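What follows is one structure encoded as structure tokens, with my remarks underneath.
The values are calculated or read from the model by the stated rules, or taken from the named source; none is laboratory data. Just so you know, these numbers come straight off a predicted model, no measurement behind them. Positions of Cβ are backbone-derived with ideal geometry, glycine not excepted, and every protein chain shown enters the neighbour counts.
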Amino acid sequence: MKVILREDVKGLGQMGSVVNVANGYGRNYLVPKNLAVEASPKNIKQFEHEKNLILNKAKLIIRSAEDLSRKISGITLTIEAQSGEEDKLFGSVTSMDIAEALSKQGVEIDKRKIILEEPIKRLGTFSVPVKLHQDVSANVTVEVKKAAAAEA
């Protein structure tokens, strides 16, 4: 029995491939679990159409991520923080702080997409990677400055 795989099946093949399987395996396992459909000419044509739609949608997502990447790369964020001796911060600048600063610039980014190895704990300029998509990432420049002391 020939079937078209709708999902990746370990030991059998990847999504979209046409494979030959035993009749019982196809009829009793793959088709009922919606892992495959019978490879009739109609199903092959329909699957190709769905595959093209998915590929076009993926291209649009990647294109929008690349546009956002160019926009983010040109941004320099300035974050003011209280600091003590030797330019050490009282606390730290985290990915949440960077996400808030980006949203003030008009760019909404989920804080989980901002890749900080560890929070920033010193004054200075840092390049912080932002993973926008599996294949697209950008670097945002974060400048941590000493906050002006409040006068009493």
Of the conditions (1) more than 30 Å from residue 16 (Cα to Cα); (2) loosely packed, with under 15 Cβ neighbours inside 10 Å, residue 41 clears all except one; give me its number. (1)
Hey, does segment 106-118 have a residue that's surrounded by fewer than 17 Cβ atoms within 10 Å (Cβ to Cβ), closer than 17 Å to residue 143 by Cβ and modelled with pLDDT of 90 or more? no
Candidates 79, 72 - the one that is in a helix (DSSP H, G or I) and at negative phi: 72
Number of the condition not met by residue 25 [criteria: (1) surrounded by 15 or more Cβ atoms within 10 Å (Cβ to Cβ); (2) over 30 Å from residue 140 (Cβ atoms)]: (1)
Any residue in segment 66-80 that is basic (Lys, Arg) sitting within a Cβ distance under 7 Å of a residue that is modelled with pLDDT under 90? List the pairs, counting only those 6 or more apart or interchain. 71/107
